[in-house]
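These notes concern the structure reproduced below.
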Amino acid sequence: MAALAGDTGGADLRVDIGSLMLANPVLTASGTFGYAREFENLINLHRLGGIIVKGISLHPRQGNPPPRIAETACGMLNAIGLQNVGVERFVSEKIPYLRGLNVPVIVNILGDSVEQYGQIAANLAGVEGISALEVNISCPNVAHGGVSFGADTKMAAAVTRAVKAAADVPVMVKLSPNVTDIAAIAVAVQEAGADSISLINTLIGMAIDVDRKKPVLANMFGGLSGPAIKPVALRMVYQVARAVTIPVIGIGGISTTEDALEFMLAGAAAVQVGTANFVNPRGAEQIVDGLGEYVTREKLTSIRDIIGALEC
């Protein structure tokens, strides 16, 4: 079910993500919005283009020990460790609330093996209230030395095929930026059947406490997100959008309407707002308003007119 368009002055903000129609191109990024209920008193959830929930694994995960979040210049590091309730509890405890929202719900999934990805997708098949799956391939492949699935074209394609074989909703694959050639990974998952691609996931970084002479994060390394990664994300979205024919969703440092417009001009059909949710919980809703004002001001027929319209 599509989200409500809200008061956007009559501007047409609808976008297509494959077979999934969104009332506007603004989604919340996985891991930054919980299971949506956490934000219900802070933002009008019904005005979002879609909600991407916290990543779900086959079994519950406790995550990493604290400290596991650190503020950085223009962003943050996190080493949460993919803590989540597991797919069974997600279906029984979280989905009833989510299906009551008049907004498409996209479930982010993660696994330690190709088989686990397929099993999670199978467990979610037929569950009412799920509009699509987003596949996090930045996870380590425990059967192959811990290298992430998203770092190798063959492994990325294998995960995509496994999820597609079990899923009954569109499949979006979320790409890692920690690779040599992200366009090659994008082409591989498209050929394996992905319906859309989202990028980028976090960059790997670290912070050091000079007084203690120790890493700030207990896990040493963490995922860098926020405005600091926007130029990298924008470049990668531009490259991937020109390498594939399926829709691309931009992620990385998006906190203003202008940020969203940049990603859409670079070729993104939609965007995800992540770290900005911690700074301004109403940020995603404000971007929806801003896009409506932009379409009206520029006298566009639709926000779709600017997708990939960058002049080089």
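The values are calculated or read from the model by the stated rules, or taken from the named source; none is laboratory data. This is a predicted model, so every value here is computed, not measured. Here the Cβ positions follow ideal geometry from the backbone for every residue, glycine too, while neighbour counts run over all protein chains shown.
Quick grid of which residues meet (1) surrounded by 18 or more Cβ atoms within 10 Å (Cβ to Cβ); (2) hydrophobic (A, V, I, L, M, F, W, C):
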site	(1), (2)
Ala158	yes, yes
Ser176	yes, no
Val179	yes, yes
Ala184	no, yes
Ala192	yes, yes
Ile197	yes, yes
Ile200	yes, yes
Gly205	yes, no
Ile208	no, yes
Please pick out the residue among Leu217, Leu224 that is out of contact with any helix residue (DSSP H, G or I) (no Cβ under 7 Å at 6 or more places or on another chain), buried (at least 21 other Cβ atoms within 10 Å of the Cβ) and assigned to a loop (DSSP other than H, G, I, E, B).
Leu217
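Going residue by residue through region 256-272, is there one that turns out to be over 18 Å from the mean Cα position of the chain (by Cα), outside any helix (DSSP H, G or I) and either at pLDDT 95 or above or over 26 Å from Met21 (Cα atoms) (or both)?
We begin by selecting, within region 256-272, every residue over 18 Å from the mean Cα position of the chain (by Cα); these are 258, 265.
With the extra rule that they be outside any helix (DSSP H, G or I), the set shrinks to none.
No, that holds for no residue.
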Kindly indicate whether Ala3 is at pLDDT below 95, buried (at least 22 other Cβ atoms within 10 Å of the Cβ) and under 30 Å from Gly126 (Cβ atoms).
yes
Inspect all residues belonging to region 78-86 and state whether any of them is in a helix (DSSP H, G or I) and over 18 Å from the mean Cα position of the chain (by Cα).
no
Of the residues Gly126, Gly111, Gly150, Gly118, which single one is at positive phi and either in contact (Cβ under 8 Å) with a residue 24 or more places away in the chain or in a strand (DSSP E or B) (or both)?
Gly126
Quickly run through region 37-61 and pick out the residues that are hydrophobic (A, V, I, L, M, F, W, C) and surrounded by fewer than 15 Cβ atoms within 10 Å (Cβ to Cβ).
Leu42
Residue satisfying all of: in region 277-291; under 26 Å from Ile197 (Cβ atoms) and in contact (Cβ under 8 Å) with a residue 60 or more places away in the chain; surrounded by the most Cβ atoms within 10 Å (Cβ to Cβ) among these:
Ala284
